[in-house]
Amino acid sequence: IGAVHDFSALFVSMREHGKSMAEIARKTLGQGGFVLFIFFTLVMIVLVTSAFLSATAISLTSMWPLEKLGLPADQTLLRAVPGPQGESLGVIGGIASTSVVIITLFSPILGYLIYKRGMKVGLAYILAAAVCIGSVIAGIYAPVVLKPEVWMVILSIYVLFAAGVPVWMILQPRDFINVQILYAGVIGMALALLVAGSSGLRITVPAFNVQEGVKALGLLWPMLFITVACGAVSGFHAMVASGTTAKQIRSERNARMIGYNGMLLESALAMCVILSLGSSLLFSDYRAIVWPTDPGVKSNPILAFSLAIGFLLQKSFSIPQALGAIFGILLVEGFVITTLDAAVRLNRYLFEELWNIVFRGKVPRLLRHYWFNSGLSVVLMFILAYFNAFSALWPIFGTGNQLLAALTLIAVSAWLLNAGRRAIFTFLPAVFMVVTTMASLVILLQSYMNKGMKMLMTADVILLVLSLGVVVIAIRTYTVRRAAAVPVRAKRS
């Protein structure tokens with residue numbers, strides 16, 4: 001479903017001369033579809049940025065016992081601090097923090113060399129790799145250690161400014177650097193799983209843990225489907241594919257490789273992550289890190305992933321577990337921070353579209369200003385992240401994200417029907433996803449009400465109302481378009 005979604009969104013956008021999916025929805029579903037798309041996207045982006053901000057701020061302060069990392073007490077690789085029970089903790093996140101700062105500061109230089117001075121791609125790859133390696137070495141000697149709340153403020157201020165500068169200055173060069181870490185991570189995980197698996201590594205998490213999983217998240221269906229999120233199907237991909245990626249592709253022949261095959265690669269990455277966690281991290285440690293029972297401890301899924309990667313690389317290639325864990329954090333951090341940049345930039349545009357709808361083209365000057373719309377996006381992101389745990393934010397983000405994907409597939413289906421093409425392969429997944437995500441919203445609403453999470457309750461109700469709008473749009477689209485297509489076929493025959 002994810003591959004079909006990404007490819008079809010990209011292809012239709014290219015055929016529509018690079019229009020965004022919101023504009024395509026306006027053309028195929030009418031003004032109602034356009035308004036729904038704008039609202040869905042606004043809510044979804046606020047949720048994803050708040051979830052990523054929360055996860056990033058916590059992961060950059062990650063600590064883990066030196067003993068479990070296989071390091072002696074007198075080691076010099078990690079900065080050590082005393083733990084609550086007298087144990088010695090290694091500050092893993094401090095190295096990643098320094099690396100993130102250095103990569104970000106170096107991005108404008110690399111962007112200038114590539115896009116303004118015409119540096120050759122091969123040389124740029126070498127330079128970017130040197131920046132990655134150098135930033136980690138610098139982090140070992142000078143780790144940046146701050147509290148999660150401070151990181152939230154710093155990242156919010158950074159994103160506010162980064163979302164307004166030209167994409168060649170920070171966004172593109174950061175992606176250029178980070179994608180090398182991502183490629184290395186995907187290849188390293190896949191090879192490590194093969195090597196470790198052939199040498200006896202096995203899945204250690206319980207094969208049937210339904211009762212505990214249901215207690216934490218809800219029923220297996222629908223909650224499992226919306227929890228995997230981007231590794232399965234992501235509406236956010238349609239936003240990037242349409243209007244942005246569509247304008248950077250020379251030929252339609254490349255759309256399948258980028259849209260369809262690219263999503264298959266992301267699904268493979270999701271499978272590698274699940275296998276790595278299931279085989280290389282003690283289940284007791286996983287529960288303590290991701291689902292802590294102590295109210296003073298915050299969920300830190302990125303730490304769980306990085307520790308699993310550290311053990312896996314040590315088991316497969318004899319790489320020190322601590323170094324592998326640092327690489328694991330960097331693998332996620334680079335992707336997450338660049339997503340924050342792009343998402344807040346997109347939200348700024350969407351708020352501008354929203355004000356045009358609300359004020360019917362006569363938008364007050366303040367609401368048209370970059371600082372207002374970017375600032376509004378950042379403030380909403382910060383408030384949700386500050387007052388809600390990642391484990392509470394992620395499920396509702398996954399729901400909003402996949403509802404947006406369902407709406408995208410409905411818009412694509414209408415486009416295909418208008419073109420006289422079959423649309424069953426896009427419409428049926430959309431129906432399945434609408435039913436699944438609405439069921440998850442009901443379950444989440446009950447959970448948020450029991451826990452008194454008023455902000456997330458509000459977001460949930462908004463998504464439920466919007467999803468009902470999607471149902472109406474879907475029924476109208478499929479019945480009206482098919483009825484309109486019948487006389488056309490009869491006339492041709």
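The values are calculated or read from the model by the stated rules, or taken from the named source; none is laboratory data. Since the model is a prediction, treat every value here as computed from it, not as a measurement. Every residue, glycine among them, receives a Cβ derived from its backbone with ideal geometry; neighbour counts consider all protein chains shown. The accessibility values were calculated without ligands, DNA or RNA, using every heavy atom of the protein model including side chains. Shrake-Rupley method; radii C 1.70, N 1.55, O 1.52, S 1.80 Å.
Heavy-atom accessible surface of ILE258, to the nearest 10 Å², is about 80 Å², with a 1.4 Å probe and all protein chains retained.
Look at the Cα gyration tensor of segment 311-396: its axes a ≥ b ≥ c give a/c of at least 1.5 with a/b over b/c, and that counts as prolate. P(r) for segment 136-279, from all Cα pairs and a bin width of 5 Å, is 2, 7, 9, 13, 16, 17, 16, 12, 7, 2, 0 %, short bins first. Protein-only accessible surface at a 1.4 angstrom probe places the residues ASP74, ASP175 in the order ASP74, ASP175, largest first.
Rolling a 1.4 Å probe over the protein heavy atoms gives segment 1-120 an accessible area of 39 Å² per residue. Other residues within the sphere of radius under 15 Å centred on the Cβ of LEU277, judged by their own Cβ, net out at +2 (K and R +1, D and E -1).
Normalised by the number of residues in segment 104-228, the mean separation of alpha-carbon contacts (under 8 Å, six or more apart) gives a relative contact order of 34 percent.
The order of THR293, THR49, THR204 by accessible area, most exposed first and with a 1.4 Å probe, is THR293, THR204, THR49. Rolling a 1.4 Å probe over the protein chains gives VAL136 an accessible area of about 30 Å². Couplings 3J(HN,Hα) for segment 438-449, derived from phi with the Karplus relation 6.51 cos²θ - 1.76 cosθ + 1.60 (θ = phi - 60°), are 5, 5, 5, 5, 5, 5, 5, 4, 4, 5, 5, 5 Hz, where x marks Gly and Pro. When the alpha carbon gyration tensor of the chain is reduced to an equivalent ellipsoid, the three semi-axes, largest first, read 38, 26, 23 Å. For segment 297-355, the C-alpha radius of gyration divided by 2.2 N^0.38 Å, with N the number of residues, is 1.64. As a size descriptor, the averaged projected area of the C-alpha convex hull of segment 1-53 was calculated at 4.3 nm². Taking all protein chains into account, the per residue accessible area for segment 432-471 stands at 47 Å² (1.4 Å probe). Charge tally around MET263: other residues with Cβ under 12 Å, Lys/Arg +1 each, Asp/Glu -1 each, net -1.
The string of couplings for segment 380-392 from the Karplus curve (6.51, -1.76, 1.60, θ = phi - 60°) is 4, 4, 5, 4, 5, 5, 5, 9, 9, 6, 4, 4, 8 Hz, one whole number per residue in order, with x for Gly and Pro. Based on alpha-carbon centroids, what's the gap between segment 4-75 and segment 103-154 in Å, whole number please? Value for the Cα centre distance between the two parts: 23 Å. Local charge for ILE181 was computed over the other residues whose Cβ lies under 13 Å away, with Lys and Arg +1 and Asp and Glu -1, and equals -1. Measuring nothing but how far apart in sequence close Cα pairs (under 8 Å, 6+ apart) lie, relative to its length, segment 193-351 scores a relative contact order of 21 percent.
Of the trypsin sites (Lys or Arg not before Pro) in segment 208-278, which ones lie in a loop per DSSP and count no more than 11 other C-beta atoms within 10 Å? Answer in residue order: ARG250.
Report, to the nearest whole %, how much of the accessible area of the chain belongs to carbon and sulfur atoms, 1.4 Å probe, protein only. Ligands and nucleic acids excluded, carbon and sulfur reach 67 percent. For segment 420-425, backbone phi angles converted through the Karplus equation (6.51, -1.76, 1.60; θ = phi - 60°) give residue-by-residue couplings of x, 9, 5, 10, 5, 6 Hz, Gly and Pro being listed as x. Averaging the sequence gap over all C-alpha pairs within less than 8 Å and six or more residues apart, then dividing by the number of residues, gives segment 270-355 a relative contact order of 21 percent. The lysines within cross-link reach of LYS27, meaning a Cα-to-Cα straight distance under 30 Å and a gap of 8 or more places when in the same chain, are LYS19, LYS247, LYS362, LYS491.
When the listed pairs LYS68/LYS147; LYS120/LYS147; LYS215/LYS315 are checked against a 29 Å cut-off, the alpha-carbon distance exceeds it for LYS120/LYS147; LYS215/LYS315.
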